[in-house]
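Peer 1: Following this message is one structure expressed as structure tokens.
Each reported figure results from applying straightforward, stated rules to the coordinates on display, with no laboratory input. Owing to the predicted nature of the structure, the values given are computational and were not obtained by experimental measurement. Using ideal geometry, Cβ is built from the backbone for each residue, glycine included, and neighbour counts are taken over all protein chains shown.
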Amino acid sequence: MKKFFFAAIAAAIVLPFQASAQKAPDPDLTFTVVKENPITSIKNQSRSGTCWCFSAMAFLESEAIRINNLKPEDYPDFSEMNAVSLSWQERAVKYVRLDGHLVFGQGSQCEDVVHHVLKDHGLVPNEVQPGLNYGTDLPVFGELAALAKSYVEVINKNPNKVLSTAWQKGFKGIMDAYLGECPTEFEYKGKTYTPQSYRDSFKLNADDYVTLTSFTHHPFYTKFAIEVCDNWRGDEAYNVPIDELMEALYYALEHGYTTTWGGDVSESGFTRNGTALLLAPKNVSAGSDQERWVGKAEEVAAAKEAGKPVELVPDQEYRQVTFDQKTTTDDHGMQAFGIATDQFGSKYIMIKNSWGLSGKYEGIWYMSDAFCRGKVLDIMLHKDALPKALKKKLGL
């Protein structure tokens with residue numbers, strides 16, 4: 001995901017498609033939890049563009065809890081900065097191999113953590129590598145990001161005309177200085193681990209996890225690499241109709257699983273106070289794109305009369321149009337862990353964010369079904385969390 005943290009999105013630019021949207025409410029909504037799966041404590045990515053890593057680690061922590069039936073006192077706390085360091089080191093090599101034709105920034109995807117760092121390197125506890133070696137209590141990446149980018153740009157220019165045998169060690173030295181050295185062996189709670197044996201102690205297998213997306217510019221029930229800059233590894237997702245993606249999401253949550261959630265949070269209805277609503281525009285021009293997704297006039301009128309937020313009714317076409325127009329963008333990664341309803345009976349997905357104990361619900365967001373349908377880019381989940389019919393269609 002893009003380098004989206006709390007301070008940045010507070011000042012996010014409202015895109016043209018949302019320009020005439022309702023003012024985002026501080027809604028008078030009350031929520032009733034229907035299903036809530038275990039999560040670990042709320043983390044804070046602070047001034048770093050590492051939501052992709054925080055959301056993936058939150059997901060893996062919940063998977064460790066589920067698979068091993070852990071009690072709260074045994075919940076894990078995996079090191080995000082270990083994964084960030086390893087990912088950045090591998091990205092630097094690819095950047096140079098591609099002569100700089102690769103986005104080199106703080107953003108990435110959840111697949112980077114699960115299908116590469118977890119699989120190839122393993123995990124370490126946050127206590128072993130907290131990754132804050134530069135004098136702050138929370139991640140602050142401005143200096144580090146600028147330094148890392150400058151370094152690979154110099155190497156990419158190849159001033160010696162032949163790349164040295166030292167440059168990768170030099171880049172690793174930067175990561176080690178700021179984020180701590182990634183251990184090959186460590187002591188934790190009286191035991192000696194390698195990152196691989198620590199991963200295996202939780203029975204986490206990267207091959208068990210799949211990603212779903214939903215767009216019509218590729219055939220359904222096939223895989224493709226989502227065309228966003230932060231998907232720098234080119235990881236592929238299964239493409240399914242949005243109704244089946246949402247069915248899979250709810251099925252997973254109802255059956256004790258959590259998922260990652262990546263998508264667009266630049267909408268005015270994604271409030272800073274813990275709700276995410278896909279608000280309909282106030283004024284809709286006849287024949288416009290917006291008009292197609294506002295809903296029936298009588299339904300809108302009834303919602304307004306009841307004091308219910310009026311949301312768009314997104315469908316497959318809405319998703320494709322807004323993705324192609326770049327009004328649905330790759331902004332942020334979070335964890336979906338539960339289901340709730342509001343006082344109107346509308347369904348919401350419970351989301352664990354990585355902005356610390358912010359908002360009305362102290363780090364938890366309630367995302368409407370409409371918002372998720374319209375603005376989700378992808379979800380990652382355990383393949384056993386897929387409905388049987390979809391699993392068969394995908395050949396899993």
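Peer 1: Give the residues of segment 183-217 that are free of Cβ contacts under 8 Å to residues at least 40 places away in the same chain and polar (S, T, N, Q), sorted by residue number.
Peer 2: Those that are free of Cβ contacts under 8 Å to residues at least 40 places away in the same chain and polar (S, T, N, Q): T184, T192, S201, N205.
Peer 1: Follow-up question, since we're still on this one. Please verify whether segment 107-126 includes one or more residues that are free of Cβ contacts under 8 Å to residues at least 40 places away in the same chain, out of contact with any Gly (no Cβ under 7 Å at 6 or more places or on another chain), surrounded by 23 or more Cβ atoms within 10 Å (Cβ to Cβ) and not basic (K, R).
Peer 2: yes
Peer 1: Looking at A389, A385, A336 in this structure, which one is more than 20 Å from the chain's Cα centre (by Cα) and small (G, A, S)?
Peer 2: So the residue among A389, A385, A336 that is more than 20 Å from the chain's Cα centre (by Cα) and small (G, A, S) is A389.
Peer 1: Related question: How about segment 114-149: which of its residues are more than 20 Å from E63 (Cβ to Cβ) and assigned to a helix (DSSP H, G or I)?
Peer 2: G142, E143, L144, A145, A146, L147, A148, K149
Peer 1: What number of residues within segment 165-218 satisfy the criterion of being in a loop (DSSP other than H, G, I, E, B), buried (at least 18 other Cβ atoms within 10 Å of the Cβ) and either at positive phi or charged (D, E, K, R) (or both)?
Peer 2: Adding up the residues that qualify gives 1.
Peer 1: Continuing with this model, one more query. Among all residue pairs at least 6 apart or on different chains, which show Cβ distances below 7 Å where the first residue, located in segment 88-105, is closer than 18 Å to S164 by Cα and the second is assigned to a helix (DSSP H, G or I) and β-branched (V, I, T)?
Peer 2: A92/V152; Y95/V152; V96/V152; V96/I155
Peer 1: Kindly indicate whether K383 is surrounded by fewer than 24 Cβ atoms within 10 Å (Cβ to Cβ), under 25 Å from K203 (Cα atoms) and either among the small types (G, A, S) or out of contact with any Phe, Trp or Tyr (no Cβ under 8 Å at 6 or more places or on another chain) (or both).
Peer 2: No: the conditions fail for K383.
Peer 1: Conditions first: (1) closer than 25 Å to W88 by Cβ; (2) loosely packed, with under 15 Cβ neighbours inside 10 Å; (3) in contact (Cβ under 8 Å) with a residue 12 or more places away in the chain; (4) of a type outside the set (D, E). F141 passes all but one, so which condition is the exception?
Peer 2: Of everything listed in (1) closer than 25 Å to W88 by Cβ; (2) loosely packed, with under 15 Cβ neighbours inside 10 Å; (3) in contact (Cβ under 8 Å) with a residue 12 or more places away in the chain; (4) of a type outside the set (D, E), F141 misses just condition (2).
Peer 1: Whether any residue in segment 155-163 is over 24 Å from the mean Cα position of the chain (by Cα) and assigned to a helix (DSSP H, G or I) is what I want to check.
Peer 2: Within segment 155-163, one or more residues are over 24 Å from the mean Cα position of the chain (by Cα) and assigned to a helix (DSSP H, G or I).
Peer 1: State yes or no: is D243 out of contact with any Pro (no Cβ under 9 Å at 6 or more places or on another chain), under 24 Å from V113 (Cα atoms) and among the acidic types (D, E)?
Peer 2: No, not satisfied.
Peer 1: If you scan segment 364-387, which residues turn out to be farther than 15 Å from T258 by Cβ and either of a type in the set (S, T, N, Q) or touching a strand residue (DSSP E or B) at 6+ places or on another chain (Cβ under 8 Å) (or both)?
Peer 2: Of everything in segment 364-387, those that are farther than 15 Å from T258 by Cβ and either of a type in the set (S, T, N, Q) or touching a strand residue (DSSP E or B) at 6+ places or on another chain (Cβ under 8 Å) (or both) turn out to be Y366, S368, D369, A370, F371, K375, L377.
Peer 1: Kindly indicate the residue of segment 41-93 that is of a type in the set (F, W, Y) and under 19 Å from the mean Cα position of the chain (by Cα) and also surrounded by the fewest Cβ atoms within 10 Å (Cβ to Cβ) among those meeting that condition.
Peer 2: My answer is W88.
Peer 1: Also, I was wondering about something else. I'd like the full set of residues that are more than 19 Å from E61 (Cβ to Cβ), of a type in the set (G, A, S) and not in a loop (DSSP other than H, G, I, E, B), limited to segment 86-109.
Peer 2: A92
Peer 1: A follow-up question, please. Working only within segment 28-73, note down all residues that are among the acidic types (D, E) and farther than 23 Å from T271 by Cβ.
Peer 2: E61, E63, E73
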